[in-house]
Amino acid sequence: RNGIYPLMNFAVSRPLALPRALSQPQEDPQKAKTPTPEPFDVETRKVVQMQCNMELNEDKSQWHLTLLLILEDKLHRQLSYDLLPTDNSKDLATELVHYGFIHEDDCEKLATFLESAFHKHRSQA
């Protein structure tokens, strides 16, 4: 009456049988397609404010990056990442665009912001 009943009350009394094909067609291995990665959603909102925090992990061997992005519609997006020694700001910003976390137009702005944050925190360490 005041909410949904436990999911076990909705269980089917017997499992549904799926029809089976009589024989599976054999595919030619040369014609088999390689799986294509699923496309990611494109972010349409632009970043209006960025904040960054970097801390050394407990064993002092790796930096942990926490990035707070505020988008046009006031949505707060907090991302965290353990930085590798080979990571650079441009690649990280490009990856965030690729996975749909930031708008493509914000890539350069974020890369510049991250680069300055990297220099600031690494010089203090």
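Values quoted throughout were computed directly from the atomic coordinates according to the rules given, and no laboratory measurement underlies them. Small disclaimer: the values here were computed from a predicted structure and weren't measured. Cβ: placed from backbone, ideal geometry, glycine included. Neighbour counts: every protein chain shown.
If you plug each phi of the stretch 115-123 into the Karplus form 6.51 cos²θ - 1.76 cosθ + 1.60 with θ = phi - 60°, what whole-Hz ³J(HN,Hα) values come out, in order, with x for Gly and Pro?
Result, rounded to whole Hz: 4, 5, 5, 4, 5, 5, 6, 6, 6.
Describe numerically, in nm with one decimal, the distance between label points set 7 Å from Cα along Cα→Cβ at residue 53 and at residue 108.
Rounded to a tenth, the inter-label distance reads 3.1 nm.
Can you give the FRET efficiency to the nearest 0.05 for residue 46 and residue 123, using r as the Cβ-Cβ distance and R₀ = 30 Å?
0.50
Considering only the other residues whose Cβ falls under 15 Å of the Cβ of residue 124, what net charge follows from Lys and Arg at +1 and Asp and Glu at -1?
+2
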